[in-house]
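Step one of this worksheet: look at the structure below.
The values are calculated or read from the model by the stated rules, or taken from the named source; none is laboratory data. As the structure is a prediction and not an experimental result, all values here were calculated from the model. Here the Cβ is made from the backbone with ideal geometry for all residues, glycine too, and neighbour counts use every protein chain on show.
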Amino acid sequence: MGLDPALEGDGESFKVCDNIYETLVAYCPESTDLRPQLARAWEASDDRLTWTFHLRTDVRFHDGTPFNAQAMLFSLGRQFYPDHPFHQVEGTYRYWKDMGMDDIVAGMEAVDDSTFVTRLREPYAPFLSNLAMNFCAAVSPTAVQRYGSAFFKNPVGTGPFRLLEWRRDERLVLARNESYWGPKPALERLIFRPVPEASVAYLELRRGSVHGMDNVSPEHVQAIRGDASLQLLTAPGMNVAYLAMNLEKPPFDQVLVRRAVNHAIDKQALVDNLYQGLAIPAVNPLPPTVWGYNDTIAPYAYDPARARELLREAGFPSGFDTELWAMPMPRPYMPQPTKVAEAIQADLAKVGVRARIVQYEWGTYLDKVYDGQHPMALLGWTGDNGDPDNFLYVLLDKNAATRPAQNVAFYRSEPLHELLVAARRTTDRAERAHLYRMAQEIVHADAPWVPLVHATQAVALRAEVQGFRLHPAGIEWFHPVFLRR
């Protein structure tokens, strides 16, 4: 976990960063529609290549540094310009690269204190939505210059909360930013505590030693609903949990094997038994809540006999031995990853695929999976911006298969790439949706994943907690939250 928004890639870091930092534009409280934030207004040129942002002039960073166009240029420029003095850091600007910003952005300019301009090489439909993502947040140039590569543990933004204390693996405390330019948060303190065991977190919630918990385990859902001192908030999830098969490791380089694995896994049983109904079986990598979803694609039916037949055709009449890598901790898209792995292991065994479950500490797990060391790996994704590009290009395009890879199937399809690039270049949403529906057909046929489920968002809170809203992108904003006395 770290608190430099340009470097982090995990949800645990983002949920803190989202309360410390701000961006030029932001998502609305309950949707991925855009609203002004650090930019009070903006416009694009007729050719959609030049974007001009008119900035607020009443904002300061937590350390007193004025926010202006030069600060915005510093914040985004350190990710974009190789000669920026803070471009070389202990980490990589993965999101900047994975979202294609290196290929799209031609340059940036601070015209004056309140005018920031970005120029693109070509029209890029998701550009404005990407700017609302946390990796595009404004960071204090003063603090980055002071702390250098240690900025990730000394964060300074413009947001409603500032870092007060961080005892790693124990607690992280944010304090209300008394100089915040917008409405002040109701809460004076906001404490994040890591509690890896869902049962322990639930007991602490019942006792009142914590006010809320996410990653709710399905086994606690009914008890929470029946407890008058608690409340359960749920909403459809803009996410996908998936099993990625590494196409660089035989036998997963064979499409018949990958299709066999798709037929072998009983997704409905996962939903019924391990999600307690708080999920729907996935057909595509894209959730049905995102525009451009292809609802004409027929799912791979749970059919062990068909799976065995495909394995025989692929040259594996007796199956094969492999490894199934699983996350060691709950994730919003998979609250019980070990149990999910065990269920999939049992399903695969029925068709002759003997999979040994492998687990590592979360940070190590991600590093190894991004490096392609797995044959099969469980992972998932919560959409960042409500755009299909954020799923299909980021997770499955050939350009995302470069280590450290976001495309952890290491799937490289030129026809898919051509569709995804074309969809980025047009601003006609109907045309984009058509291209994305075609893209999903290619992915379905090539089967680099088993899309498992789309999990329902679930957060449990004490009854006195008011003002918390579930966001489609999984953002946890606490500035509207207050405690009812």
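Every residue, every condition in (1) touching a strand residue (DSSP E or B) at 6+ places or on another chain (Cβ under 9 Å); (2) of a type in the set (D, E, K, R); (3) on the phi > 0 side of the Ramachandran plot, yes or no:
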residue: Leu205; (1), (2), (3): yes, no, no
residue: Gln222; (1), (2), (3): no, no, no
residue: Leu233; (1), (2), (3): yes, no, no
residue: Lys249; (1), (2), (3): yes, yes, no
residue: Arg259; (1), (2), (3): no, yes, no
residue: Ala264; (1), (2), (3): yes, no, no
residue: Gly277; (1), (2), (3): no, no, yes
residue: Leu286; (1), (2), (3): yes, no, no
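Of the residues that make up segment 61-78, is at least one more than 18 Å from Asn385 (Cα to Cα), assigned by TED's automatic domain parsing to the domain that holds Tyr93, modelled with pLDDT of 95 or more and of a type in the set (D, E, K, R)?
yes
Restricting to segment 282-308, name every residue that is in a loop (DSSP other than H, G, I, E, B) and either modelled with pLDDT under 95 or among the aliphatic types (A, V, I, L, M) (or both).
Ala282, Val283, Leu286, Thr289, Val290, Ile297, Ala298, Ala301
Quick one: which residue in Thr52, Thr92 is under 20 Å from Glu8 (Cα atoms), in contact (Cβ under 8 Å) with a residue 12 or more places away in the chain and of a type in the set (Val, Ile, Thr)?
Thr92
Look through segment 164-173, keep the residues that are in contact with a Lys or Arg (Cβ under 9 Å, 6 or more places away or on another chain) and not acidic (Asp, Glu), and return whichever of them is surrounded by the fewest Cβ atoms within 10 Å (Cβ to Cβ).
The extreme case among them is Arg168.
For residues in segment 189-230 being among the charged types (D, E, K, R) and in a loop (DSSP other than H, G, I, E, B), which is surrounded by the fewest Cβ atoms within 10 Å (Cβ to Cβ)?
Step by step, filter segment 189-230, then rank; the result is Glu197.
Val421 fails exactly one of the following numbered conditions: (1) in a helix (DSSP H, G or I); (2) more than 22 Å from Ile104 (Cβ to Cβ). What is the number of that condition?
That leaves (2) as the condition not met.
Could you identify the single residue in Ala355, Ala349, Ala343, Ala377 that is touching a helix residue (DSSP H, G or I) at 6+ places or on another chain (Cβ under 7 Å) and either assigned by TED's automatic domain parsing to the domain that holds Val195 or outside any strand (DSSP E or B) (or both)?
The match here is Ala343.
If a residue has to be small (Gly, Ala, Ser), under 21 Å from Asp367 (Cβ atoms) and either touching a Lys or Arg at 6+ places or on another chain (Cβ under 6 Å) or free of Cβ contacts under 8 Å to residues at least 40 places away in the same chain (or both) to count, how many in segment 390-422 make the cut?
2
How many residues are outside any loop (DSSP other than H, G, I, E, B), of a type outside the set (A, V, I, L, M) and at pLDDT 95 or above when one looks only at segment 444-485?
Going through segment 444-485 one residue at a time, the tally reaches 8.
Which is out of contact with any Cys (no Cβ under 8 Å at 6 or more places or on another chain), in the same structural domain as Ala463 (by TED's automatic domain parsing), modelled with pLDDT under 95 and not basic (Lys, Arg), of Val210, Val173, Val221?
Only one candidate passes the filter, namely Val221.
What are the residues in segment 258-272 that are farther than 17 Å from Pro317 by Cα and in contact with a Pro (Cβ under 7 Å, 6 or more places away or on another chain), if any?
The answer is Lys267, Gln268, Val271.
Are there any pairs, at least 6 apart or on different chains, whose C-beta atoms fall under 8 Å, with the first in segment 114-133 and farther than 26 Å from Asn19 by Cα and the second polar (S, T, N, Q) and outside any helix (DSSP H, G or I), and if so, which?
If the second residue must be polar (S, T, N, Q) and outside any helix (DSSP H, G or I), the pairs left are Arg119/Thr50; Leu120/Thr50; Pro123/Thr426; Pro123/Thr427; Ala125/Thr426; Ala125/Thr427.
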